[in-house]
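These notes concern the structure reproduced below.
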Protein chains: 2
Amino acid sequence: MSTATSSIPEQITALQNRIKELKMTKQDASSEIDQMKALKDQLKAAQKEAGASGSALGAQSFTLKTPKGTIDHKPEAALLRKRIFSTLEGIFVKHDACTIDTPVFELKEILAGKYGEDSKLIYDLSDQGGELCSLRYDLTVPFARYVAMNGLTSIKRYHIGKVYRRDQPVMTKGRMREFYQCDFDMAGNCDPMVYDAEVLRVVCECLTALDIGEYTIKLNHRKILDGIFELAGVPADKTRTISSAVDKLDKMPWADVKKEMTVEKGLDGAIADRIGQYVGLKGPGGELLEKLRSDKDLMAVPRAKEGLDDMETLFRYLKVYGVLDKMSFDMSLARGLDYYTGIIYEAIHESSAPPSLTTNPSVPAPSKISSKAGKSAPASSSKNEDGIDESTIGVGSIAAGGRYDNLVGMFAEAAGKKAEQVPCVGVSIGVERVYSIMEMRRRGREEKTRGKETEVYVLGLGGVELEKRMEVATLLWDNGIKASFSPKANPKAPAQWKQADDDSIPYVVILAPKELAAGTVRVKAQVGKDASGEDNKGEEVKLSDVAAYLKERLAKA
Amino acid sequence: MSTATSSIPEQITALQNRIKELKMTKQDASSEIDQMKALKDQLKAAQKEAGASGSALGAQSFTLKTPKGTIDHKPEAALLRKRIFSTLEGIFVKHDACTIDTPVFELKEILAGKYGEDSKLIYDLSDQGGELCSLRYDLTVPFARYVAMNGLTSIKRYHIGKVYRRDQPVMTKGRMREFYQCDFDMAGNCDPMVYDAEVLRVVCECLTALDIGEYTIKLNHRKILDGIFELAGVPADKTRTISSAVDKLDKMPWADVKKEMTVEKGLDGAIADRIGQYVGLKGPGGELLEKLRSDKDLMAVPRAKEGLDDMETLFRYLKVYGVLDKMSFDMSLARGLDYYTGIIYEAIHESSAPPSLTTNPSVPAPSKISSKAGKSAPASSSKNEDGIDESTIGVGSIAAGGRYDNLVGMFAEAAGKKAEQVPCVGVSIGVERVYSIMEMRRRGREEKTRGKETEVYVLGLGGVELEKRMEVATLLWDNGIKASFSPKANPKAPAQWKQADDDSIPYVVILAPKELAAGTVRVKAQVGKDASGEDNKGEEVKLSDVAAYLKERLAKA
């Protein structure tokens, strides 16, 4: 059947590769595209014939794979992700959050102009008539669209979902075209720093609950940063571009950053140096704050003073929330995205903190304040053992976010609604990165991962009939116990034991004719699976009691 | 940034030309016209907004909406769906299932030729260079692709995810372009009917656990159906098309179905009548099976006998699983999809069973057997009160599936692998339909839905400072209690009470200066929220005990 048309798909695949090459080298591929389209029409016709002539599914031929930059999450991975998500959800709902579920694609213009240069990475749906749509690039823009569209003035929401970026995937480094994001945002008016402090408390609860090891939260404020630029004499129109240069201080030494400012971006060298005096500063909140507040020049800049007042309030609240010691006030943190208007932060995991965090010799820092981040970030580990490309959410960061007070209003305004400002502060937990850290730690502990949670295997000996095993399984299912058995009418004993072992099922219920006649079964804990290993011979239990017996044992385990 | 809208006029001109062409060639241009109207509206809005927007993110204009056929699931809806999913997941994992998570888009050719005429409903991603991809149309084809690609010989998996169909949406009827599917499949060799019976047991566990009311499972076997066609003398090449005509018996009377067979599909009238004698039969498994097995002509057709032997085995197992009484053996069930090879089934909900289920007078049925389905399906209710378009998963069906033994092998073969057959049997639970039934029942009970699960509101009186409320909230969070409070430094009491009421938060912890000085707080159960309504004045509790006190109360509730 497949021979009828198998040559066409091969030709198409060949053409597709050819076209890919041509496009990558920016050559004209139009004639190849026409050829391909023609072949595809032929193929369709052939399939239609095949279908009409009684073929169930038509005939085709192709390579079995997922699209470039995407993967199947296999059972073990899917289960671990499920556990990460439910841990995070549990914390978000504890903090008064609801969840919303927006479509995976949005109208093209909703995403347009939100991501600067990265807009070229947006996936478009093909124009099959009707509206032009694109796959969502993140969860923040759909959230802002939702808030504006529904005219909400306040909402606390979390959203865990896949987002899409037509980036050059580096599978080995974990940079994918389809990946999960997990966002928590608090929108609405609050007195200064109240929501900001709670979001940081939530971040700490999440990273602690996930048990991934030490982390530090780098913290800064856009207004302080802008105040410094103003003080240093950066022209207003250069503020954002200079800001993004500063943001690179965790990836490159000051000398290179200064070069980018002066040579590439035409900033006066003296101005760059004044910036350098500040952006090298980092340390525990209180100390650095004191130092900056004693800086009369800086305090004379209204924006800077506002930012410093905010930080003072924030630190007071973070102390109440018991997470102040996790913070590192870091003047070099600038964050790429344009839409931040207040505090900004990035959580850095010990396994991947860059050396710049511990010490950045080439930065002129009159009085470097030793930082917790430093302690928990050995330079040696900057190699990022688990091989995840950190560019996905910033160097080494496992969570990042900040305050963005204008995004929702911009949507409302653009839609011609009365431009209602809805201030927002939020965080995106880097779940893919968290996943790979947990996976790495698990491997370190040499734990066996399971793809399913089955608790009991019902095993028949001496030709116990299938219906009897079904009957016992039903008894267990009715009692909420996760149970499985061989789908064969007369399975061999070794095959059944192997199945139970292969699936690492903690308990086996053995049905044997003689015991069944006496109304009993034997319950055996799989070696090494049960906390108390004393019952390797198994225990004889009344069939009528077996469910209660197992529930108790499973609860203990 | 204005580039975001500058191309609209060009798009409009292009569309106008395209529409002209289409009209000249007498083709349908409605979607192009819709698109042009949408663009014109955008342009108008853009002109109105021109210059008015100096936002940091650039000026654009558009209508704030989700794409046609998609919706945002708001907090209440998202939470109810979350509960439905976790109920179903709990049952699937009890039955030894893992879950996998496949990409939301697949290579275009993976989906090609799987959906017959419906292939035109597949969403394609636009060709931005690289592979041609399409959004998944269901979860079955990606599952078969996964099994074949990984060379698996057996797997039990569930998958809950969104699927995409470029159908003409009927929002009022719940027919969407993006909607959830929930599939459970058992793949691999088993002795006859073992997995088939367990899938049906799973369906019954799910529909019972969801508490949606009465349901019946219509059951049939492709081999019996094909045997009947063979006996009646249907030409082999007409089998599938006649089968799909039979499938319409739940939507139209026999007379119309016969007309479709004879007039439209050119079947001999006498042959149609012989079919009619069988497809009108339905009833509890045992009785109808007996009747059919006593039919010598039918038993003489090998395929039919095989199918009837299967059914006999199946009913034996279903009895052990305690779900036999839910089944209605129904010869008129044929199911649209081509790939079924064995048993097929559809679960019908009482609220939407079509009259044809109770009685189909125009079907010549020599000895109609009364059917449980009938009892639970008043003809009057065929109107489908909750307004869900049943065509999405068959008339009134809330779950549907069957055995498909060739799909995985077809993928392996098409990929040029050694064509390994992996027999599969599975079910798709119509979660969107289940959702609307539960929503309808909730409205019937006039229950207030909540979008979040917050348990305690921390309320401050007499100018209790913000930090104190933060401190108490922290105490509650640390004890796993879901708590919230006003984000204002000095909130008015009425505003705080209103917040607690608006969110239907069951408990309020009241902080007042005098009580705090004495180390106590007052815990008040919101009226009507607490099981025991006796404590409307609230109860004074030591601050040090309040967490334990609330945990106990919440556990009881």
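The values are calculated or read from the model by the stated rules, or taken from the named source; none is laboratory data. Not measured: the values here are computed from a predicted model. Cβ sites come from the backbone with ideal geometry, for glycine too, and all protein chains shown count toward neighbours. Just the protein is used for accessible areas: all its heavy atoms, side chains included, with ligands, DNA and RNA removed. Shrake-Rupley method; radii C 1.70, N 1.55, O 1.52, S 1.80 Å.
Relative contact order, percent, of the range A:195-306 when contacts are C-alpha pairs under 8 Å separated by at least 6 residues? Please list the in-between numbers first.
On the way: 65 pairs, mean separation 37.2, N = 112.
About 33 percent, as a whole number.
Just to verify a number: FRET efficiency for A:ASP405 and B:ASP237, C-beta to C-beta distance, R0 = 60 Å, to 0.05? Write out the running numbers ahead of the final one.
On the way: r = 67 Å, r/R0 = 1.12.
It comes out at approximately 0.35.
Averaged over all directions, how much area does the convex hull of the C-alpha atoms of the range B:249-347 cover when projected, in nm²?
Numbers: hull surface 28.7 nm².
Mean shadow area of the hull around the Cα atoms is 7.2 nm².
If each of A:GLU446 and B:GLU447 carries a label point 7 Å out from its Cα toward its Cβ, how far apart are those two points in nm?
Rounded to a tenth, the inter-label distance reads 5.0 nm.
With each pseudo-label sitting 7 Å past Cα toward Cβ, what's the B:MET299-A:GLU540 distance in nm, one decimal?
Spacing of the two 7 Å Cα→Cβ label points: 4.6 nm.
Tell me which trypsin sites (Lys or Arg not before Pro) from the range B:407-441 have a DSSP coil assignment and no more than 13 other beta carbons within 10 Å of their own. Let's see the in-between values first.
Values: sites: B:LYS417, B:LYS418, B:ARG433, B:ARG441; in loops: B:LYS417, B:LYS418.
Counting only loop positions with at most 13 other Cβ atoms within 10 Å, the trypsin sites (Lys or Arg not before Pro) in the range B:407-441 are B:LYS418.
For the range B:460-533, state which trypsin sites (Lys or Arg not before Pro) are in a DSSP loop and have at most 10 other beta carbons lying within 10 Å of their beta carbon. Walk me through the numbers on the way to the answer.
Details: sites: B:LYS468, B:ARG469, B:LYS482, B:LYS488, B:LYS492, B:LYS498, B:LYS514, B:ARG522, B:LYS524, B:LYS529; in loops: B:LYS482, B:LYS488, B:LYS492, B:LYS529.
Answer in residue order: B:LYS492.
Per residue of B:116-127, count partner chain C-beta atoms within 10 Å of its C-beta, then hand back the mean as an integer. Working shown, then result.
Values: counts 5, 1, 0, 5, 1, 1, 1, 5, 4, 10, 9, 6.
Average neighbour count from other chains, rounded to a whole number: 4.
Based on the Cα atoms of the range B:75-163, what semi-axes does the equivalent ellipsoid have, where each is the square root of 5 times one gyration tensor eigenvalue, given in whole Å with the largest first? Display every interim value, and only then the final one.
Details: eigenvalues 142, 72, 26 Å².
Gyration-tensor ellipsoid for the range B:75-163: 27, 19, 11 Å.
Modelled label-to-label distance, A:ALA548 and B:ALA517, 7 Å Cα→beta-carbon offset: nm?
Label at A:ALA548, label at B:ALA517, 5.6 nm between them.
Just the Kirkwood number for the range A:281-326, please: inverse of mean 1/r across all distinct Cα pairs, in Å, one decimal. Mind dumping the intermediate values first?
On the way: mean 1/r = 0.0904 Å⁻¹.
Every distinct Cα pair counted, the radius reaches 11.1 Å.
Under the convention of a label 7 Å out along Cα→Cβ, give the distances in nm from A:LYS265 to the same position in every other copy, shortest first.
Distances to the matching label points in the other copies: 7.0 nm.
Using Stokes-Einstein with the Kirkwood hydrodynamic radius over Cα pairs, what translational diffusion coefficient do you get for the range A:180-283 at 10 °C and a viscosity of 1.306 mPa s, in µm²/s rounded to a whole number? Provide the component values of the computation, followed by the final result.
Details: Rh = 16.1 Å.
The diffusion coefficient I find is 99 µm²/s.
Below 8 Å, C-alpha to C-alpha, sequence gap of six or more: please give me the relative contact order for the range B:255-357 in percent. All intermediate terms of the calculation are to be shown ahead of the outcome.
Values: 59 pairs, mean separation 28.3, N = 103.
27 percent.
Taking 29 Å as the cut-off for C-alpha to C-alpha distance, list the pairs among B:LYS498/B:LYS537; A:LYS37/A:LYS120; B:LYS156/B:LYS258; B:LYS448/B:LYS551 that go past it. Mind showing how you got there, number by number?
On the way: B:LYS498/B:LYS537 17 Å; A:LYS37/A:LYS120 25 Å; B:LYS156/B:LYS258 40 Å; B:LYS448/B:LYS551 23 Å.
Distance filter (> 29 Å) returns B:LYS156/B:LYS258.
Loop only per DSSP, at most 10 neighbouring Cβ atoms within 10 Å: give me the GluC sites (Glu not before Pro) in the range A:397-455, ordered by residue number. Mind dumping the intermediate values first?
Details: sites: A:GLU413, A:GLU420, A:GLU432, A:GLU439, A:GLU446, A:GLU447, A:GLU453, A:GLU455; in loops: A:GLU420, A:GLU446, A:GLU447, A:GLU453, A:GLU455.
Counting only loop positions with at most 10 other Cβ atoms within 10 Å, the GluC sites (Glu not before Pro) in the range A:397-455 are A:GLU446, A:GLU447.
Along Cα→Cβ at 7 Å, what distances in nm separate the A:SER544 label point from those on the other copies, shortest first?
So the label point of A:SER544 gives 5.0 nm to the other copies.
Taking N as the number of residues in the range A:445-491, what is its alpha-carbon radius of gyration divided by 2.2 N^0.38 Å? Before the final figure, lay out each step's value.
On the way: Rg = 13.0 Å, N = 47, 2.2 N^0.38 = 9.5 Å.
Normalised by 2.2 N^0.38 Å, the Cα Rg of the range A:445-491 equals 1.36.
List the distances, in nm and shortest first, from the label point of B:LYS488 to the matching label points in every other copy, placing each point 7 Å from Cα along the Cα-to-Cβ direction.
Shortest to longest, the spacings are 7.3 nm.
Report the Stokes-Einstein translational diffusion coefficient (µm² s⁻¹, integer) for the range A:399-463, Rh taken as the Kirkwood radius over Cα pairs, at 4 °C with viscosity 1.567 mPa s.
On the way: Rh = 17.1 Å.
In µm²/s, the coefficient is 76.
Take the alpha carbon atoms of the range A:74-128, find their center, do the same for the range B:169-227, and report the distance between the two centers in whole angstrom.
29
Provide the FRET efficiency to the nearest 0.05 for the A:ASP191-A:LYS82 pair, computing r from the beta carbons and using R0 = 45 Å. Spell out each step's value before the answer.
On the way: r = 38 Å, r/R0 = 0.83.
After rounding to 0.05, the efficiency reads 0.75.
At 1.4 Å probe radius, can you tell me the per residue accessible area of the range B:193-255 in Å²?
Accessible area per residue: 27 Å².
Test of understanding: what is the full-extension gain from B:LYS319 to B:ALA555, defined as 0.36 nm times their sequence separation minus their Cα-Cα distance? Intermediate results must be reported in sequence, preceding the final value.
Working: separation 236, 0.36 × 236 = 84.96 nm, distance 3.80 nm.
Length gained, B:LYS319 through B:ALA555: 81.2 nm.
Report the semi-axes of the equivalent ellipsoid for the range A:464-508 in whole Å, largest first, where each axis is √(5λ) for an eigenvalue λ of the Cα gyration tensor. Working shown, then result.
On the way: eigenvalues 60, 46, 8 Å².
Semi-axes (√(5λ), whole Å): 17, 15, 6.
Given 0.36 nm per residue, what is the gain on full extension from A:GLU287 to A:LYS417 after removing their alpha carbon distance, in nm? If you can, show how the numbers build up before the last one.
Details: separation 130, 0.36 × 130 = 46.80 nm, distance 4.51 nm.
My answer for the length gained is 42.3 nm.
Once you keep just the Cα pairs under 8 angstrom separated by 6 or more residues, what percentage relative contact order results for the range B:160-234? If you can, show how the numbers build up before the last one.
Details: 34 pairs, mean separation 14.3, N = 75.
Relative contact order for the range B:160-234 comes out at 19 percent.
What's the extension gain from B:ASN490 to B:ASP256 if we count 0.36 nm per residue and subtract their Cα-Cα distance? Intermediate values should be presented prior to the final figure.
Numbers: separation 234, 0.36 × 234 = 84.24 nm, distance 7.29 nm.
Working it through step by step, the gained length comes to 77.0 nm.
What FRET efficiency would be calculated for the residue pair B:LYS65, B:ALA209, taking the C-beta separation as r and a Förster radius of 35 Å, to the nearest 0.05?
Details: r = 36 Å, r/R0 = 1.03.
Given R0 = 35 Å and the Cβ-Cβ separation, E is 0.45.
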